[in-house]
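Scroll down for the structure; my scribbles are underneath it.
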Amino acid sequence: MGQGDWYVAPSTGTGFGAYSLWKSGFGGSSSKQFVKDVDGDGKADVVVYHGSAGDWYAALSTGSSFGAYSLWKGGFGLNSTDQLLADVTNAGKTGGDNKADVIVFYNGTGQGQWYVAPSTGTGFSAYSLWKSGVGSGATSRIVGNINGDGMEDILLYYNVYTDGTTGRWFELFSNGSAFLDPVDWKLGHGNGSRLLPVNCSWQGLGDVYGTGKDAPVVFYSTEGVWKAMPADNYYVADALNFWDIEDIRYVPRTLGGFAQYDSGDPNVIDEHISMITEAGIDFVILDYTNYINYFYIKERGLKFIERLAIWNANNQHRPLKYAVAVGWAGLTRDGASMEYEAGVVWDDFINNPKCPASNYFTLDGKPLLVGFGSRIYYNAYQGDKTNTNRFTLRWGDGQIDADTATVYTANGPETIPSNEYGLYYGWAFINGSLANNDAMVVMPGWNYYLAPIVSRVYNGVPGDRYKLAEVWYNTNWEHDPNFYWNMTKSYNYRYKTE
C-alpha cells in the first residue's frame, strides 16, 4: 500500500501539541482518505478508499495510535463520482447513531444517484439507494450537520447553477433512512447562500460559530483568505430577529403599546396566556413548521411551557393546554419527514421533564400533532411509523367542504372519504376557515388563495399592504386596534355556543 504514514498533533484546547507517528504503511496508494468516527466510541478513526477495487479499509483509534487496519467493505463505489463518510443513519432514534456511514455518488448521465452503506461499528453493511436525480453538476458535495439534529446532511454547492445564479447552496437533509428533496439554503425569501462570493478555491462546512450547526466556509487561494457566512445570514434557523428575517412590517399591540417583542419574554407570554384564556380558548398550537428557526423556536416554546405551568398551577386561572404543529412534510411531500418530526416533538415537548404531560392537549387518548401538509403523502409512506403512532394526527392542509366532500390543498381540490371528515383544520383555504369538530381557526389575514384579502385585512387602507401600527379597520371602516382580537373572541364564543 505504499508508505502511508499518519501523524497526529493532539489539540490542547488552545493549540496543537507535539506530533507523533500514529500509523505507518496504511493507505499509501489509496484514492481517498477520511478521518471519521466509524465505530461510535467518540474517537476519530482513519478510513481509506481504493477506487480500483471499491474497497474500504479502516484503522480504529485507540486514543494514542491507530490500530491494525481491516477491510470494512469490498466492491462498493466502483466508478463512482464521489465518496463521502457521514453519520446519516439514526438506528431508530431521533439523532444520529454516532457512527459514520459510507456514501457514494454516481453522476452517470446526469441522473445523480446516492447510495449509503451504514456502519455496524465493525464494518459497513449492505448498501441501498437513498436518493436519485439530485446533485448532478454540483461543484462540491459536502457533509455536515447543518440543522443541529444530530445527523449529518449533504450540502450541494454550485459555483454556477443551471439557471445562471452563482455561489448557490442546496441542503439535502437525512431523515435517518433516506435523503429528502433538496431545498435552497436560503435567507427569508431570498437565497442567502448567494451572499457567498463565487470562484472560491475550496468550499466546506464547520461549526465556526459554536451553535451546534455547521456553517459554510470558503477559501480563496489567490488571496489566502478564509470566509464564513455569519450565523444570521445563511439559514433562517439561526435568525434571532424574526421580524426582520420574515419582513414582518406591522407592529403588534403588546404590554400596553405598539412594539415588536421577543416571544421568549416572560411578561409577553403571561399577557398572551391571560388574553387567550379570557377569550375562552382551550389550547394553543406551537408552530414547528417548515423546520425553520428550530433552536430559536424550541427555546421559546420551552419558555412558554414553563410560564404555562405556572399559570395552570393557580386554581383561580382558567387552564390552558398546548399542542404542536409540524410542516417539513408540506415541503418535502414525503411521509418520512412527518415521522421524523414526530420524533423531534416527542423528545422536545413530551418525553421531557421540563414539559408536564398534563399541559399537553390530548385527543382520542393521545397527544395531538398537527401536520401542515397533505395526509396523502403520509398515508402513502410505508416505512416505520412508531413516532407518529404515538399521536392523534390532524392536518392543516385544507378546509373541508361538507357538501362536496372536497378538501382544498396546496395541490388543488381533492375528494376525500367521509371517514376523514374532521381531520383538517383549514389553514390553507379557498373561502375562509370553517369550524372544525376539534378547533375553530380564525386566520383572516393568512390566506394562500385569496391574496387580495391579505391587503384588505392587514392594517392599512384597502389596497395598501399594511402600516407600521396594528390599526385595523372594522366593518364601518373605522380604526379599531382591537378589531382582529375581538373578532377572534366573537367567533370562538359563537362556535362554542352553537
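For region 300-333, the candidate set comprises residues that are outside any strand (DSSP E or B) and within 15 Å of the chain's Cα centre (by Cα); within that set, the residue that is modelled with the highest pLDDT is Gly327.
Within region 44-60, can one find any residue that is of a type in the set (D, E, K, R) and within 25 Å of Leu129 (Cα to Cα)?
Start the filter on region 44-60 by keeping residues that are of a type in the set (D, E, K, R), which leaves 45, 55.
Remaining after also requiring within 25 Å of Leu129 (Cα to Cα): 55.
Yes, region 44-60 contains at least one residue that is of a type in the set (D, E, K, R) and within 25 Å of Leu129 (Cα to Cα).
One residue is enough: does region 330-337 have a residue meeting the conditions touching an Asp or Glu at 6+ places or on another chain (Cβ under 6 Å) and either of a type in the set (D, E, K, R) or farther than 16 Å from Gly301 by Cβ (or both)? Yes. When region 371-392 is limited to residues that are under 30 Å from Arg307 (Cβ atoms) and modelled with pLDDT of 90 or more, the one that is surrounded by the fewest Cβ atoms within 10 Å (Cβ to Cβ) turns out to be Arg390. Go through region 238-285 and give me each residue that's modelled with pLDDT of 90 or more, out of contact with any Leu (no Cβ under 9 Å at 6 or more places or on another chain) and farther than 17 Å from Asn482 by Cβ. Passing the criteria: Pro266, Asp270.
Among residues of region 348-359 that are surrounded by 15 or more Cβ atoms within 10 Å (Cβ to Cβ), those with a beta-carbon under 6 Å from a residue that is aromatic (Phe, Trp, Tyr) and modelled with pLDDT of 90 or more at least six positions away or on a different chain give the pairs Cys355/Phe349. Which of (1) among the hydrophobic types (A, V, I, L, M, F, W, C); (2) within 31 Å of the chain's Cα centre (by Cα); (3) not in a loop (DSSP other than H, G, I, E, B) does Val38 not meet, given it meets every other one? Status for Val38: all satisfied but (3). Residues of region 35-79 that are touching a residue at least 40 places away in the same chain (Cβ under 8 Å), over 14 Å from Gly4 (Cβ atoms), touching a Phe, Trp or Tyr at 6+ places or on another chain (Cβ under 8 Å) and buried (at least 18 other Cβ atoms within 10 Å of the Cβ): Val38, Trp56, Trp72, Lys73, Phe76. Annotation note: Cβ proximity below 7 Å between a residue of region 487-498 that is free of Cβ contacts under 8 Å to residues at least 60 places away in the same chain and a residue that is of a type outside the set (Ser, Thr, Tyr) and surrounded by 12 or more Cβ atoms within 10 Å (Cβ to Cβ) (sequence gap 6+ or interchain) occurs for Met487/Val442; Tyr491/Met440; Tyr491/Val442.
Go over the candidates Val47, Val102 one by one and state the one that is modelled with pLDDT of 95 or more, assigned to a strand (DSSP E or B) and within 30 Å of Asp347 (Cα to Cα).
Unique residue meeting the criteria: Val102.
In region 24-35, what residues are part of a strand (DSSP E or B) and over 20 Å from Thr89 (Cα atoms)?
To start, the set of residues in region 24-35 that are part of a strand (DSSP E or B) comprises 32-35.
Selection gives Lys32, Gln33.
When you look at Gly40, is it out of contact with any Pro (no Cβ under 6 Å at 6 or more places or on another chain) and over 30 Å from Asn351 (Cα atoms), yes or no? Criteria not met by Gly40.
Starting from residues that are free of Cβ contacts under 8 Å to residues at least 12 places away in the same chain and assigned to a loop (DSSP other than H, G, I, E, B), keep the ones in region 251-261 and report whichever is farthest from the chain's Cα centre (by Cα). Please lay out each step first, then the result.
Of the residues in region 251-261, the ones free of Cβ contacts under 8 Å to residues at least 12 places away in the same chain are 256-257, 259, 261.
With the extra rule that they be assigned to a loop (DSSP other than H, G, I, E, B), the set shrinks to 256, 259, 261.
Details: Gly256: 35, Ala259: 29, Tyr261: 24 Å.
By that ranking, first place goes to Gly256.
In the set Gly176, Gly167, which member is outside any loop (DSSP other than H, G, I, E, B) and modelled with pLDDT of 65 or more?
Details: Gly176 fails: outside any loop (DSSP other than H, G, I, E, B).
From the options Gly176, Gly167, the qualifying one is Gly167.
The values are calculated or read from the model by the stated rules, or taken from the named source; none is laboratory data. Being a predicted model, the structure only gives us computed values, none of them experimental. Ideal geometry is used to build each Cβ from the backbone, glycine not excepted, and the neighbour counts take in all protein chains shown.
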